[in-house]
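Here the structure is laid out as structure tokens; the discussion comes afterwards.
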Number of protein chains: 2
Amino acid sequence: MAPQKTVGILGGGQLGRMLTHPAALLGIPLLILDSGSYTPAKQTLLPPENHSGHLDGPFTSESHIRELAKKCDILTVEIEHVNADVLEAVEKEGLCEVQPSPSTIRLIQDKYQQKKYLAGKGIPVAPFDELPLNPSEQDVKDVVGKLGLPVMLKAKTLAYDGRGNSPLQSTSSEDINKSLEFLGDRPLYAEGWAPFVKEVAVMVVRNKEGEVKSYDAVETIHRESILRVCLAPLRGERDLNHRARELAEKAVGHLQGAGIFGVEMFLMEDGSLLLNEIAPRPHNSGHHTIEACHTSQFENHLRAILSLPLGSTDLRVPSAAMVNILGSSSSMSPIEAMRDNALSVPGAAVHLYGKKESRKARKMGHITLTAQSDAELHSYLRTVLFAQPDAADEWIDKISPPPPTTSHSHKKPLVGIIMGSDSDLPVMLPATKILDQFGIPYELTITSAHRTPERMVQYAKSAAHRGLRAIIAGAGGAAHLPGMVASETSLPVIGVPVKASVLDGVDSLYSIVQMPRGIPCATVGINNSTNAALLAIRILGTSIPKYQISTEEYSRKLEEEVLVKCDKLEEVGWEGYVKDVLKK
Amino acid sequence: MAPQKTVGILGGGQLGRMLTHPAALLGIPLLILDSGSYTPAKQTLLPPENHSGHLDGPFTSESHIRELAKKCDILTVEIEHVNADVLEAVEKEGLCEVQPSPSTIRLIQDKYQQKKYLAGKGIPVAPFDELPLNPSEQDVKDVVGKLGLPVMLKAKTLAYDGRGNSPLQSTSSEDINKSLEFLGDRPLYAEGWAPFVKEVAVMVVRNKEGEVKSYDAVETIHRESILRVCLAPLRGERDLNHRARELAEKAVGHLQGAGIFGVEMFLMEDGSLLLNEIAPRPHNSGHHTIEACHTSQFENHLRAILSLPLGSTDLRVPSAAMVNILGSSSSMSPIEAMRDNALSVPGAAVHLYGKKESRKARKMGHITLTAQSDAELHSYLRTVLFAQPDAADEWIDKISPPPPTTSHSHKKPLVGIIMGSDSDLPVMLPATKILDQFGIPYELTITSAHRTPERMVQYAKSAAHRGLRAIIAGAGGAAHLPGMVASETSLPVIGVPVKASVLDGVDSLYSIVQMPRGIPCATVGINNSTNAALLAIRILGTSIPKYQISTEEYSRKLEEEVLVKCDKLEEVGWEGYVKDVLKK
């Protein structure tokens, strides 16, 4: 290749390692600065041929940074706890370009300044306030007076994975002093408690021209303040994913420089989003993008800092998850056990980071799962989660619920069966039998166009964004439910005309099938919920190949059944057939 | 990690390079034997820490193979032109395990022996015959007498990418001598011409216990005997993909040892498949599996030889393609141009192999495309193909046809519109308008349940396997088409009851909607092909997110249109509205 810009990375850990892969694919020369010759990132890409090697030294050391800068065209970071002053100097002196901008790195290093800056730009954040250096008990009480309880006392700098945070539940001297002692003599600030219902993250890539592109939002699940699981895409109300991306893009739009940014947010009870914090680098909540998206966060980081076109951030699969492989002690065997377990899970991709030593809570690797549906994803995710050394049933059940008992709704359904009245249930039951027979996850509930209009609208509006792919709606008489639901969803709605007491079901059929132009309702025969379920399965088969195969097999079985009947007819004769077979 | 088995690879080219990535992910120590310290594979994974380095020497050298064997637990190959004798000796002496078995490598090295062996096991192959060493003109004429013309003269060994093959069109002395001269003094055999309609390949992974798993078949497209493009999955008749996989699995089942195998086949005019040849290693026709499948061919090779569980071979995307980046001269700039072009193509992943020197026809890298549909895939594939230095319009148009002119069928449709009679066309046209408006690729044709029953069956049976995801069928009167088509396909079929001359369309409606249990037909309102198209789009939206978004936008627009009418009504009053607006 013609000479490419050489990229220098401060930090040679797993994030650097995951940057080496796209660098190799695109032919981008990389030089890594970190202490040790066999760090995770140094293992997976040789330095460019015309260089003596990767650099061995601390990524905070001025002399090493300057040495790296001399050999590179552009410096970037895989960790924000770097020496921003040196980076700024290196850039000012014209020695080397630095991306993202050192000023952004410095801003983000101080969580208090970060929050203050973003709040000043109109980004919603939890209430927060500064604390003086070495705060007294009274200082803490004052801040609690403003922010209420519980309150989170936080170190302004060098805080990550829960280190540097201490929640305060009361203003008793004991509690306050315990917190202050835990945090040490670092500069602190306080954050009001954000009673979130979910944690959400969005990766945003930004190039030098300020163009931003976001990935689908994900749900992040922490345990003891450490990220454990990511679920992509974020499920919820119709516009939630969109709003999360918009907020993240807006926040990153206020920062300087190019690169990938991880934006963490809280989803509140009322549906609003608060920004928590931003990482100016690839982030653990974007690891799934390697398998699940067209262009990974790592490749997009390189593209952004090198002024190459940004890659598509679209998901290439319907559903994905990431599970961290954390050390539980110095023993490697739990790591191996998680790896070996994942090798038997379809759709699981193991990523070990090449770290030679394990310790509690150290990130040793991760596992990505991709699947054709949430139900499939979570069934495999359960297997992966149970292989964790600290697996806890209740915690896992909350993330990936176990399959339901018979005659109950699945928690990750692909098909929703609804009906206007419990009296329609007998007509709709055959649909459940078919879906059970095909192993399709579904939910069943009652919602009436006339008696529970709001519930119906709410159901229809959220259906697609909860992961459903078809709705079967049964109704009789002036049968409005299927058409009304179709008006409030983008999913295909299958209407089952239920035969009421008069008119033999023709009223229901006409009410469902004769929709106005613009809103289609897929209508099946009167009382024929069997066909509604089979149609739903055909629809699922367009995105999940195994259901297309099941449909072909089902048709073959129907054919065989008729052929068996023909043999019987031949055997017993038609009069005998009517007497012996049909009358039974 | 606890000590893992160390794998030694003979060959350090691009296939070795692509093996290093899963090795790093799974923590598998690798040692590579090849001449040079900076070969493609050696660039992307350091040797294990306790080893002095990768081995520098020819992979055919006995001493180097023995040195590698001493340092490894298992040897494998990324090229079959290795020294099988030494591998056999190394294994017999108990120095090191070798996978796949050296006997398999030796069998495959000799294309004539390979073919003879497979034919002996009942695998269908093109007719072939041996030639004596240094054949005379008469020897060639004799073999032509048996196999006919044209005939392919082939070197038994060391033939790949078209090297070592010479087609013979006549038995003129001039032609024969030109061929023999081209092939030199290597041992030769002759193969009868297989007038194939497509070339097909299947990757098969086999573990030591003889368990085999195949990937979906792909179409391989060659130019001047070099693989240029792969399309996954193979499109065609209902059982073609299945038959190709079955044949490939059967053939690999007759070989010894573990690993991944690339099986190349010819698809003949009559639908039959002939095996062409097998490669006992990762293969160019499986490169798309890195992005497009749950477990790549490279990872599955390592899993197989290390007795780890085989990974899922399922596609994780509906549609994928691979395009080789070939050198056209010693200049690197066409390689860069292809890379830079691909960076702007959504869903394109660039893989450069780190080769420092380009030459004509050298494999310098490849580009993988993944997409939600064939239509999307081919629109991007065209862009990638046109960036090739030897791009030829006609060749590209055959692979990825340009979009159709208005009122003509798309070559890679997602929706099929069919009707029983051309008289139904005016009723069905609104469906085409909607699909055009949404930018959905569709085809339109006439097929009658009563007048062209065979054509109808043929259409319905192949529809899903050609990539269609929904069929819209319009019919009137005793309207059998939608239901009959539904009986022969696993796709969702949308029936449009066309109003005939009597009964106001009720006959058509009942004929379509009242299907027997087992075969569903999604029925819309009488003459309402608009809703049929909108329903098809909702179905597509379950697998292609952008169409779900379009549906939401369409509904929003419908709402806005009504609101505009309300304002008008308010403005002009209802009497004025009837006069001014409705009468127009």
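The values are calculated or read from the model by the stated rules, or taken from the named source; none is laboratory data. Remember, it's a predicted structure, so these values are computed and weren't measured experimentally. Reconstructed Cβ throughout: ideal geometry from the backbone, glycine too, with neighbour counts over all protein chains shown.
Would you say residue A:505 is on the phi > 0 side of the Ramachandran plot and buried (at least 19 other Cβ atoms within 10 Å of the Cβ)?
Numbers: on the phi > 0 side of the Ramachandran plot: yes; buried (at least 19 other Cβ atoms within 10 Å of the Cβ): yes.
So residue A:505 passes the test.
Restricting to the stretch B:533-545, and then to whatever is out of contact with any Ser or Thr (no Cβ under 7 Å at 6 or more places or on another chain) and at the interface with chain A (Cβ under 7 Å from one of its Cβ atoms), can you tell me which residue is surrounded by the most Cβ atoms within 10 Å (Cβ to Cβ)? If you could, list the steps in order and put the result at the bottom.
So in the stretch B:533-545, the residues out of contact with any Ser or Thr (no Cβ under 7 Å at 6 or more places or on another chain) come out as B:533-536, B:540, B:545.
Adding the requirement that they be at the interface with chain A (Cβ under 7 Å from one of its Cβ atoms) leaves B:534-535.
On the way: B:534: 27, B:535: 30.
Filtering first and then ranking leaves B:535.
When the stretch B:226-257 is examined, which residues are found to be more than 18 Å from the chain's Cα centre (by Cα) and under 30 Å from residue B:362 (Cβ atoms)?
Step one: list which residues in the stretch B:226-257 are more than 18 Å from the chain's Cα centre (by Cα), which gives B:250-257.
Residues satisfying the conditions are B:251, B:252, B:255, B:257.
Any idea which of A:416, A:327 is more than 30 Å from residue A:16 (Cβ to Cβ), of a type outside the set (Phe, Trp, Tyr) and surrounded by 15 or more Cβ atoms within 10 Å (Cβ to Cβ)? Please lay out each step first, then the result.
Working: A:327 fails: more than 30 Å from residue A:16 (Cβ to Cβ).
Result of the check over A:416, A:327: A:416.
Looking at residue B:533, is it outside the structural domain of residue B:319 (by the TED database), modelled with pLDDT of 95 or more and closer than 28 Å to residue B:240 by Cβ?
Numbers: outside the structural domain of residue B:319 (by the TED database): yes; modelled with pLDDT of 95 or more: yes; closer than 28 Å to residue B:240 by Cβ: no.
Here the answer is no, as residue B:533 does not meet what is asked.
Looking at this structure, is residue B:359 away from chain A (no Cβ under 14 Å) and closer than 30 Å to residue A:46 by Cβ?
Values: away from chain A (no Cβ under 14 Å): yes; closer than 30 Å to residue A:46 by Cβ: yes.
Answer is yes for this residue.
Consider the stretch A:362-409. How many of its residues are part of a loop (DSSP other than H, G, I, E, B) and within 11 Å of another protein chain (Cβ to nearest Cβ)?
2
With respect to residue B:370, is the statement that it is in contact with a Phe, Trp or Tyr (Cβ under 7 Å, 6 or more places away or on another chain) and among the hydroxyl-bearing types (Ser, Thr, Tyr) true? Outline the logic, then answer.
Values: in contact with a Phe, Trp or Tyr (Cβ under 7 Å, 6 or more places away or on another chain): no; among the hydroxyl-bearing types (Ser, Thr, Tyr): yes.
The answer is no for residue B:370.
Among the residues of the stretch A:297-343, which ones are under 19 Å from residue B:26 (Cα atoms) and free of Cβ contacts under 8 Å to residues at least 12 places away in the same chain?
Scanning the stretch A:297-343 gives A:333, A:336, A:340, A:343.
Any residue that is surrounded by 19 or more Cβ atoms within 10 Å (Cβ to Cβ), within 14 Å of chain A (Cβ to nearest Cβ) and either touching a residue at least 24 places away in the same chain (Cβ under 8 Å) or not hydroxyl-bearing (Ser, Thr, Tyr) (or both) - is there at least one of those in the stretch B:244-256? Spell out how you get there, then give the answer.
First, pick out the residues of the stretch B:244-256 that are surrounded by 19 or more Cβ atoms within 10 Å (Cβ to Cβ): B:244-245, B:247-248, B:251-252, B:255.
So of that shortlist, the ones also within 14 Å of chain A (Cβ to nearest Cβ) come out as B:245.
Filter again for either touching a residue at least 24 places away in the same chain (Cβ under 8 Å) or not hydroxyl-bearing (Ser, Thr, Tyr) (or both), leaving B:245.
Yes - at least one qualifying residue is present in the stretch B:244-256.
Suppose we filter the stretch B:196-217 for residues that are over 16 Å from residue B:100 (Cα atoms), assigned to a strand (DSSP E or B) and in contact with a Ser or Thr (Cβ under 6 Å, 6 or more places away or on another chain); how many remain?
Within the stretch B:196-217, the first condition is being over 16 Å from residue B:100 (Cα atoms), and the residues that meet it are B:196-202, B:214-217.
This time we only want the ones that are assigned to a strand (DSSP E or B), so: B:196-202, B:214.
Of the ones still in play, those that are also in contact with a Ser or Thr (Cβ under 6 Å, 6 or more places away or on another chain) are B:199, B:201-202.
So the answer is 3.
Can you confirm whether residue A:73 is more than 24 Å from residue B:37 (Cβ to Cβ) and either out of contact with any Asp or Glu (no Cβ under 7 Å at 6 or more places or on another chain) or outside the structural domain of residue A:254 (by the TED database) (or both)?
yes
Among B:21, B:81, B:51, which is over 27 Å from residue B:351 (Cα atoms), outside the structural domain of residue B:306 (by the TED database) and not hydrophobic (A, V, I, L, M, F, W, C)? Walk me through how you get there before you give the answer.
On the way: B:21 fails: over 27 Å from residue B:351 (Cα atoms); B:81 fails: over 27 Å from residue B:351 (Cα atoms).
After ruling out the rest, the residue left standing is B:51.
Name the pairs: first residue in the stretch A:92-103 and polar (S, T, N, Q), second residue part of a loop (DSSP other than H, G, I, E, B) and surrounded by 21 or more Cβ atoms within 10 Å (Cβ to Cβ), Cβ to Cβ under 7 Å, at least 6 apart or on different chains?
From residues that are polar (S, T, N, Q), the pairs are A:99/A:257; A:99/A:258; A:101/A:257.
Residues of the stretch B:297-340 being part of a helix (DSSP H, G or I) and more than 10 Å from every other protein chain (Cβ to nearest Cβ), which ones? Before the answer, list the steps.
Residues of the stretch B:297-340 that are part of a helix (DSSP H, G or I), as a first pass: B:297-305, B:333-340.
The answer is B:297, B:298, B:300, B:301, B:302, B:304, B:305, B:334, B:337, B:338.
Considering every residue within the stretch B:232-242, establish whether at least one is assigned to a strand (DSSP E or B) and not assigned by the TED database to the domain that holds residue B:308.
First pass over the stretch B:232-242, keeping only residues assigned to a strand (DSSP E or B): B:232.
The next check asks that each one be not assigned by the TED database to the domain that holds residue B:308; those that pass are none.
Scanning the stretch B:232-242 turns up no residue that is assigned to a strand (DSSP E or B) and not assigned by the TED database to the domain that holds residue B:308.
Of everything in the stretch B:217-237 that's within 14 Å of chain A (Cβ to nearest Cβ), in contact with an Asp or Glu (Cβ under 8 Å, 6 or more places away or on another chain) and in contact (Cβ under 8 Å) with a residue 40 or more places away in the chain, which residue is surrounded by the fewest Cβ atoms within 10 Å (Cβ to Cβ)?
Among those residues, the one meeting the criterion is B:235.
Search the stretch B:486-515 for residues that are outside the structural domain of residue B:430 (by the TED database) and free of Cβ contacts under 8 Å to residues at least 24 places away in the same chain and pair each with any residue that is assigned to a strand (DSSP E or B) and surrounded by fewer than 22 Cβ atoms within 10 Å (Cβ to Cβ) when their beta-carbon atoms are under 9 Å apart and the residues are at least 6 apart or on different chains.
Between residues of the stretch B:486-515 that are outside the structural domain of residue B:430 (by the TED database) and free of Cβ contacts under 8 Å to residues at least 24 places away in the same chain and residues that are assigned to a strand (DSSP E or B) and surrounded by fewer than 22 Cβ atoms within 10 Å (Cβ to Cβ), there is no close pair.
Among the listed residues B:512, B:549, which satisfies the condition of being loosely packed, with under 15 Cβ neighbours inside 10 Å, more than 7 Å from chain A (Cβ to nearest Cβ) and aliphatic (A, V, I, L, M)?
Working: B:512 fails: loosely packed, with under 15 Cβ neighbours inside 10 Å.
Answer to the selection: B:549.
Could you grab me the full set of residues in the stretch B:341-356 that are in a loop (DSSP other than H, G, I, E, B), at pLDDT 95 or above and closer than 18 Å to residue B:14 by Cα? If you could, list the steps in order and put the result at the bottom.
If we filter the stretch B:341-356 for residues that are in a loop (DSSP other than H, G, I, E, B), which is where we start, we get B:344-347, B:353-356.
Pick out the ones that are also at pLDDT 95 or above and you get B:344-347, B:353-355.
Selection gives B:353, B:354, B:355.
Search the stretch B:341-356 for residues being within 7 Å of chain A (Cβ to nearest Cβ) and closer than 25 Å to residue B:37 by Cα, and hand back the single one that is farthest from the chain's Cα centre (by Cα).
Across the stretch B:341-356, the extreme among qualifying residues is B:354.
Do you know which of the residues in the stretch A:1-49 that are touching a Gly at 6+ places or on another chain (Cβ under 6 Å) and among the hydrophobic types (A, V, I, L, M, F, W, C) is nearest to the other protein chains (Cβ to nearest Cβ)?
A:1
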